[in-house]
Amino acid sequence: MRALVSIELEKLKKRRATWILLAILLTFLCLIFFGYYLAAESSEYSLGLKQWLQFPDTFEYLLFPNARLIGGILLAIITAFVIGDEYKWGTTRYTVARTGARFQYLGAKVVLLIIIAIIVIFISLAVGIGLASITTSLTGDLNLDFIDLSLVGRVARMLGGTVLAVVAYAFLAFLFTTLGRSAWVGIGGYLGYTFILETTVLSITTYSGGWMDNISRYLISPNSDVFIHLEDYEETETIIASNMYPSITQATLVLLAWCVLLGGISFYVFKRRDLTTSV
């Protein structure tokens, strides 16, 4: 398994698309921060926007939400092409024959996507801190007084939850790519769930009352939001005296369940597939 993971990492480094997507990630983060800065300088709501550009609020309102958004999209694309290209090139059959185990072959790709997820979010965090340092200096006073153990714990929670969320989204692309034997099917499945199905379900069920109101508690996006906006959610629940948001424990279990479910179906499909036919 370790040898297969090393091979996958080496192939990933040699892909031109890897570096293009990394450049897109960095460009997106720069545009977000400086776009908000320009808006803050010219908007009547500049005070609220400037808070988002400054430590520590930037972690909750700009850095991690956008790292999850663009990181999830880029990880889904990378996942789809890592698996889909093997089908397109016809190398899946030969690689499985050489390793002698389908689970090892697909397992190496799962390990790869988890490694990529961690790298993407850590890069986003590092770049975001750098950009936030600039915008904090431009809109206020940059110092280290905001750092305390509470903030470190919150950032660690946001970091872990964001990694878990983008891995769950990557497993969507993983499943659809395995089902369709095509990177484009994987990307389409991810986009369809994230921007069509999930958005539609949330718009219909949120505040609908009854059992439908609980559906959102088992979707990926609402549970990943909990890790980032926990304090705001707890304050809202205190005001309205209602437990309308998932807890951290539930959010963790739901996201892990999505990973296990999507990954399990992918492994089952791949195990049952006849690789002697055209791939």
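Okay, here's what the table says:
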{"read-out": "VAL111 being in a helix (DSSP H, G or I), more than 26 Å from the chain's Cα centre (by Cα), farther than 28 Å from ASP57 by Cα and in contact (Cβ under 8 Å) with a residue 12 or more places away in the chain", "value": "no"}
{"read-out": "Qualifying residue in the range 14-25 (condition: surrounded by fewer than 20 Cβ atoms within 10 Å (Cβ to Cβ), of a type in the set (Lys, Arg) and not in a helix (DSSP H, G or I))", "value": "yes"}
{"read-out": "Residues being farther than 19 Å from PHE64 by Cβ and either among the aromatic types (Phe, Trp, Tyr) or in contact with a helix residue (DSSP H, G or I) (Cβ under 8 Å, 6 or more places away or on another chain) (or both) - total across the range 22-39", "value": "1"}
{"read-out": "Inter-residue pairs, beta-carbon under 8 Å, first over 21 Å from LEU106 (Cβ atoms) and in the range 250-262, second among the small types (Gly, Ala, Ser) and in a helix (DSSP H, G or I), 6+ apart", "value": "ALA251/GLY161; ALA251/SER224; THR252/GLY161"}
{"read-out": "Residue among VAL155, VAL167 that alone is among the β-branched types (Val, Ile, Thr), under 24 Å from the mean Cα position of the chain (by Cα), under 28 Å from SER46 (Cα atoms) and in a helix (DSSP H, G or I)", "value": "VAL155"}
{"read-out": "Residues of the range 164-207 that turn out to be surrounded by fewer than 21 Cβ atoms within 10 Å (Cβ to Cβ), touching a residue at least 40 places away in the same chain (Cβ under 8 Å) and either over 14 Å from ALA80 (Cα atoms) or hydroxyl-bearing (Ser, Thr, Tyr) (or both), as a count", "value": "2"}
{"read-out": "Residues of the range 55-83 classified as charged (D, E, K, R), over 15 Å from VAL226 (Cα atoms) and surrounded by 23 or more Cβ atoms within 10 Å (Cβ to Cβ), total", "value": "0"}
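All of the numbers you see were taken from the coordinates with simple rules; none came from a lab. Since this is a predicted model, take the numbers as computed values, not measurements. Ideal geometry is used to build each Cβ from the backbone, glycine not excepted, and the neighbour counts take in all protein chains shown.
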